[in-house]
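What follows is a single structure, written as structure tokens, with notes after it.
The values are calculated or read from the model by the stated rules, or taken from the named source; none is laboratory data. Remember, predicted model here, so these are calculated numbers, not experimental data. Using ideal geometry, Cβ is built from the backbone for each residue, glycine included, and neighbour counts are taken over all protein chains shown. Only protein heavy atoms, including side chains, enter the accessible area calculation; ligands, DNA and RNA are left aside. Shrake-Rupley method; radii C 1.70, N 1.55, O 1.52, S 1.80 Å.
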Amino acid sequence: MMDEGLRRAFCSDPLWDLNLTWYTDEPDFTHCFHSTVLVYLPCAFLWLGLPVKLYEWRSSTSRQIPWTPIILARMFAHCLLILDCLAQCIFEWTATPERPIANILAPLIFLATFALAIGLEWQDLKNGVSSSGVQYGLWFLLAITSTLTFTSFVRFPNDHPVGESSLFFIFYALVIVEFFLVSWASPPGKYKEFKGK
């Protein structure tokens, strides 16, 4: 069993509390659950789907997808999410010395995942993959898990500092925008032109 001091350093409260989630008139998840399970689940989906993407690129034809406004908007939203995660990292590091490790890890994991997502999007464009189930799965799961956290921020505003709330609301809005943008498949790829052919 994990040492109590180590557990408190990682999370400020238990991962699961039936008194908070079930035996109450206002159910919610613990802070630990919000900053671990609801973060790790969608991110793990993308990382575990990476071998599928590698296989998909290997078997793709020599087509390239042209840039469209939807693709540009997706890339722009990715970049804004990365900037928001960087701001969350800075906020968590400078907020208070007692911040749990899980609160600091969450934006770092999101940062790495969004960097991977933008790299996958770029490779999909280069390899002519017009839609990605792995990317859609990430944003679908992230929209669901972020909505659960969003409701907690709205219902219990005094549990979160103003800076943390502001950064999360921006994050949530961008996740929902990204989910809608990824719902549209890219146009079919065009064959790459080679010199002299």
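Mind pulling the per residue volume of the convex hull built on the Cα atoms of region 76-161? Å³ is fine.
On the way: hull volume 8.7 nm³, N = 86.
That works out to 101 Å³ per residue.
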Inset, instruction - Subtracting the Cα-Cα distance from 0.36 nm times the residue separation, let me have the gained length for residue 23 to residue 130 in nm, one decimal. - result: 33.9 nm
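Are there any helices in the chain, counted as whole DSSP H runs, that stretch 15 Å or more along their axis by Cα and score at least -1.0 on average by Kyte-Doolittle, and if so which?
Span-like helices, by this rule, are 37-48, 69-95, 101-127, 133-155, 162-182.
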Inset, instruction - Highest first, please rank the peptides 138-148, 177-187 by the mean number of other Cβ atoms sitting within 10 Å of their residues. - result: 138-148, 177-187
Inset, instruction - Give the long-range amide H neighbours of residue 64: residues separated by 5 or more places, or on another chain, with amide H under 5 Å away, using H modelled in the peptide plane at 1.01 Å from N. - result: 190, 191, 192
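Kirkwood hydrodynamic radius, computed over distinct alpha-carbon pairs, for the chain: how many Å, to one decimal? Present the calculation step by step, with values, prior to reporting the outcome.
Details: mean 1/r = 0.0543 Å⁻¹.
Every distinct Cα pair counted, the radius reaches 18.4 Å.
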Inset, instruction - Give a quick list of GluC sites (Glu not before Pro) in region 90-175 that DSSP marks as loop, anything other than H, G, I, E or B, with at most 10 other Cβ atoms within 10 Å. - result: 98
Inset, instruction - Give the ranking of 31, 78, 160 by solvent-accessible surface, highest area first, calculated with a 1.4 Å probe. - result: 31, 160, 78
Legend entry - Inter-label distance for residue 64 and residue 154, nm, one decimal - labels placed 7 Å from Cα along Cα-to-Cβ: 4.4 nm
